[in-house]
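Structure record follows, encoded as structure tokens.
The values are calculated or read from the model by the stated rules, or taken from the named source; none is laboratory data. Note that the structure is a prediction, hence the values are computed from the model and not measured. Here the Cβ is made from the backbone with ideal geometry for all residues, glycine too, and neighbour counts use every protein chain on show. Heads up: the accessible areas ignore ligands, DNA and RNA and are worked out on the full protein's heavy atoms, side chains in. Shrake-Rupley method; radii C 1.70, N 1.55, O 1.52, S 1.80 Å.
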Amino acid sequence: QVQLVESGGGLVQAGDSLRLSCAASGRTFTTYAMGWFRQAPGKEREFVAAINYNSDSTNYADSVKGRFAISRGNAKNTQYLQMNSLKPEDTAVYYCAADVSFARMRTNPTYWGQGTQVTVSS
């Protein structure tokens, strides 16, 4: 069974930083794109960031460009989301995701984690 498990969420103040981590298990993800979505209370799930299988391409939502940075570990079955200059509007459950297609990773990825809560107070 493929599993993605997020960690690193928490309660912070506006302007603070957090780094989210995601560990994949059940198969090797060396050829999979990985990334993050988020869902705020009362809102639809939205794309945040994605990185391709060899880490030479990334994509970010306009709302997080310049503040968030996605990366993946050398083993390729882990990924990270460095979140800087956090704003209250970043408050959401953040979901790790993966897909064999970089394009589909940005729209409707196949594999999902359980989510980790990020709360940013003002």
Counted residues, the range 79-113 - those being polar (S, T, N, Q), touching a residue at least 12 places away in the same chain (Cβ under 8 Å) and part of a loop (DSSP other than H, G, I, E, B)
6
Just a yes or no: is a residue in the range 85-98 polar (S, T, N, Q), closer than 27 Å to GLN1 by Cα, surrounded by fewer than 20 Cβ atoms within 10 Å (Cβ to Cβ) and out of contact with any Pro (no Cβ under 6 Å at 6 or more places or on another chain)?
no
Taking VAL2 as the residue in question, decide whether it is surrounded by 14 or more Cβ atoms within 10 Å (Cβ to Cβ) and of a type in the set (A, V, I, L, M, F, W, C).
no
Within the range 1-48, residues being closer than 15 Å to TYR95 by Cβ, at pLDDT 95 or above and in a loop (DSSP other than H, G, I, E, B) number 6
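Here is a yes/no grid of residues against (1) without any contact (Cβ under 8 Å) to a residue 24 or more places away in the chain; (2) β-branched (Val, Ile, Thr):
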{"site": "ARG38", "(1), (2)": "no, no"}
{"site": "PHE47", "(1), (2)": "no, no"}
{"site": "THR58", "(1), (2)": "yes, yes"}
{"site": "ALA61", "(1), (2)": "yes, no"}
{"site": "LYS65", "(1), (2)": "yes, no"}
{"site": "ASN77", "(1), (2)": "no, no"}
{"site": "GLY115", "(1), (2)": "no, no"}
{"site": "VAL118", "(1), (2)": "no, yes"}
{"site": "SER121", "(1), (2)": "no, no"}
Only one of (1) at pLDDT below 95; (2) touching a Lys or Arg at 6+ places or on another chain (Cβ under 6 Å) does not apply to ASN54, and that is (2)
When the range 49-74 is checked residue by residue, the ones that are among the small types (Gly, Ala, Ser), open to solvent by 20 Å² or more (accessible area, probe 1.4 Å) and not in a loop (DSSP other than H, G, I, E, B) are ALA69, SER71
Going by what's in this entry, would GLY73 be described as within 14 Å of the chain's Cα centre (by Cα), more than 18 Å from SER122 (Cβ to Cβ) and free of Cβ contacts under 8 Å to residues at least 24 places away in the same chain?
yes
